[in-house]
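What follows is a short report on a single structure.
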Amino acid sequence: MEWLFVVAAVVVVFAVLLSWTAGRVDRLHHRVNSARAGLETQLMHRSGAALELAASGLVDPARSLLLLDAAHEARASDQPDRELAESDLSQALVAALGDQDEIARLQEDPEARDLLTELGNACRKVELARRFHNDVVSSALALRRNAVVRWFRLAGHAEMPSTVELDDSWPPTLP
């Protein structure tokens, strides 16, 4: 009779462990979704700041056209092509705003200084949001590789999260 209580206790402890692990998987998936939404917001803010600078008439027409095209493509891209379009925007920002003398000339204008500061802040926030997202995804993937999670299908039908791989470099000349 005593062995029945021991078996019941082991089963209860195991069930509690499974429930706790399933809750942890669920919380990590919610964090992945929140981090992804934050990253999307920052990417939209960065492309908006690039569009605003390009449309301001403060940069020369060639740089303006380069920024307008890249920012528009980044905003209009669907998910499979989004990372490539965002990387193209990063490269366009570096190409258009990489000249220290041009940035120094633009900094003399208060309106341009504000736009450049906003763009620089947006670029930094994209970099941080992407890092945060990829860290959360790495944690979720590590937990989902756990044998108990796989055997008992504790992730349910949730999609396997994936990292965002894009070039989030930005011109070092931005304030």
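The values are calculated or read from the model by the stated rules, or taken from the named source; none is laboratory data. Please read all numbers here as calculations on a predicted model, not as lab measurements. Cβ coordinates were reconstructed from backbone atoms using ideal geometry, including for glycine residues, and neighbour counts include every protein chain displayed. SASA here: full protein model, heavy atoms, side chains in, ligands and nucleic acids out. Shrake-Rupley method; radii C 1.70, N 1.55, O 1.52, S 1.80 Å.
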Centroid-to-centroid separation of the range 14-33 and the range 40-101 [C-alpha atoms, Å]: 39
Net dipole in debye of the chain [+1 Lys, Arg Cβ; -1 Asp, Glu Cβ; about Cα centre; nearest 20]: 1320
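Could you give the length gained by full extension between Ser169 and Ser138, i.e. 0.36 nm per residue of separation minus their alpha carbon distance, to one decimal place?
Numbers: separation 31, 0.36 × 31 = 11.16 nm, distance 2.12 nm.
Difference between extended and current length: 9.0 nm.
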Thr41 accessible area, 1.4 Å probe, all protein chains in place, Å² to nearest 10: 80
Most mobile of Arg145, Arg46, Arg31 in a GNM of the chain (Cα contacts under 10 Å): Arg145
Net charge of neighbours whose Cβ lies under 14 Å from the Cβ of Asp26, counting Lys and Arg as +1 and Asp and Glu as -1: +4
Dipole of the chain [Lys/Arg +1, Asp/Glu -1 at C-beta], most positive-end residue of Val12, Ser139, Leu68: Val12
Percent of alpha-carbon pairs separated by more than 25 Å within the chain: 48
Separation in nanometres of the label points that stand 7 Å from Cα toward Cβ, at Asp69 and Ala55: 1.9
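Would you mind getting the accessible area per residue of the range 49-175, heavy atoms of the protein chains only, 1.4 Å probe, in Å²?
On a per-residue basis, the range 49-175 sits at 54 Å².
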